[in-house]
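See structure below.
The values are calculated or read from the model by the stated rules, or taken from the named source; none is laboratory data. Computed from a predicted structure; not experimentally measured. Cβ placement follows ideal geometry from the backbone for every residue including glycine, while neighbour counts extend to all protein chains displayed. The accessibility values were calculated without ligands, DNA or RNA, using every heavy atom of the protein model including side chains. Shrake-Rupley method; radii C 1.70, N 1.55, O 1.52, S 1.80 Å.
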Amino acid sequence: MDTGQRARAQSFVELHRSGCFLLPNAWDAGSARVLEAAGFAAIATTSAGVAFSYGRPDHDFRAEAEEGRVDQATMMRRIGEITGAVGIPVSADLEEGFGPDVQAVATTIAEAIAVGAAGGNIEDFTGVRAAPLFDEVHAVDRVRAARAAVAASGAPFVLVGRTDALLVGAGLDEAIRRSNAYLAAGADCAFVPGAADADTIATLVRELDGPLNVVMGLTATLTMAELADLGVRRVTVGGSIARMLYRHLFDAARELADHGTFGYADDQLGQDTLNELFTRRNRPGAE
């Protein structure tokens, strides 16, 4: 990790000390630069968005029947492209660590740090319908292995322990118990996707022994100001921006195929706007 990367990673650690901040999710270098240009202090990656950009399914129950999930090497290359494209910290969506065992998790964390990530999440979702969450003791061991990998690197890194308990119907009590266990095992922040209403989020903030990340952009209507008032530390948007853009792509394709018209082009960004955005950091002396 070079001096600039270390400084960015340390600044990312500091963002988690107090307050509430928004961490929008990019899936390639171009989307990362657009988000950076909007003024965000840091961004995250979205495994869903990355998968869709390769024409692959996201990591979910479809893995039981379909080939095509983005593999670790491909994901790490993309994360490296994103960290190399921007001058702000990047937190990586590392899914379940690309393997069930603790060594897979440790390797994934080490590789994420090597490609410039300032943070990353490890989730307890297995992708297996009969047992959608890793056994809790094993899940804790996986977080502990991730923490050990961070310590071995000597680099600043925000480790996020994610539980999908709400998404698979395991309930709020289990989400709280698992989150606190992951925090005790070395996670710096807990992430509970599926927590979208004020009562659930307030309960999590009250019961967790560390900062909370929630994901918006799905069905939730809470604002950043409301989330800050509830005590949320950081907010991500998952694959929602990518899915919104694919919605526009789908609609444009249908218009072309079904009607032979070109109305979709009325809202496009100008060529000069994009050229300026994507060349700014390539100028001599650009930071």
Cα principal axis extents for the stretch 1-151, largest first, Å: 43, 34, 28
Size of the chain as Cα extents on the principal axes (Å, biggest first): 56, 47, 41
Distance from the stretch 237-259 to the stretch 21-100 (C-alpha centre basis), Å: 19 Å
Histogram of C-alpha separations across the stretch 168-235, 5 Å bin width, %: 3, 18, 32, 26, 15, 5, 0
Dipole-positive endmost among Q10, A242, A130 within the chain (Cβ charges, Cα centre): Q10
Candidates R78, R243, R162, ranked by Gaussian network fluctuation over the chain, Cα under 10 Å, top entry: R243
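Out of all DSSP beta bridges with both ends in the stretch 1-143, state the antiparallel percent to the nearest 5. Provide the component values of the computation, followed by the final result.
Numbers: 1 of 8 bridges.
Bridges in the stretch 1-143 are about 10 percent antiparallel.
Within the stretch 1-98, what whole-number % of the accessible surface is contributed by carbon and sulfur, with the 1.4 Å probe and all protein chains included in the calculation?
Carbon plus sulfur share of accessible area: 48 percent.
Rounded, prolate or oblate, given the Cα gyration tensor of the stretch 1-46, with a/c below 1.5 counting as rounded?
Values: a/c = 2.13, a/b = 1.22, b/c = 1.74.
The shape class here is oblate.
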Probe 1.4 Å, accessible area per residue of the stretch 142-183, Å²: 34 Å²
Charge-dipole axis of the stretch 198-243 as Lys and Arg at +1 and Asp and Glu at -1 on Cβ define it, positive-most pick from L227, M216, T200: M216
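Using the beta-carbon distance between R280 and E14 and R0 = 25 Å, what value does 1/(1 + (r/R0)^6) give for FRET efficiency, to the nearest 0.05? List each step's numbers first, then the result.
On the way: r = 26 Å, r/R0 = 1.03.
For R280 and E14, the calculated efficiency is 0.45.
Compute, for the stretch 116-254, the length of the dipole vector about the Cα centre, with Cβ point charges of +1 (Lys, Arg) and -1 (Asp, Glu) only. Units Debye, rounded to 20. Let's see the in-between values first.
Details: 13 positive and 16 negative charges, 99 e Å.
Here the stretch 116-254 has a charge dipole of around 480 debye.
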The chain: most fluctuating residue of G263, G116, G30 per GNM, C-alpha cutoff 10 Å: G263
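If the only charges are +1 at each Lys and Arg Cβ and -1 at each Asp and Glu Cβ, what is the size of the charge dipole of the stretch 132-177 around the Cα centre, to the nearest 20 debye?
Values: 5 positive and 6 negative charges, 54 e Å.
For the stretch 132-177, the charge dipole is close to 260 debye.
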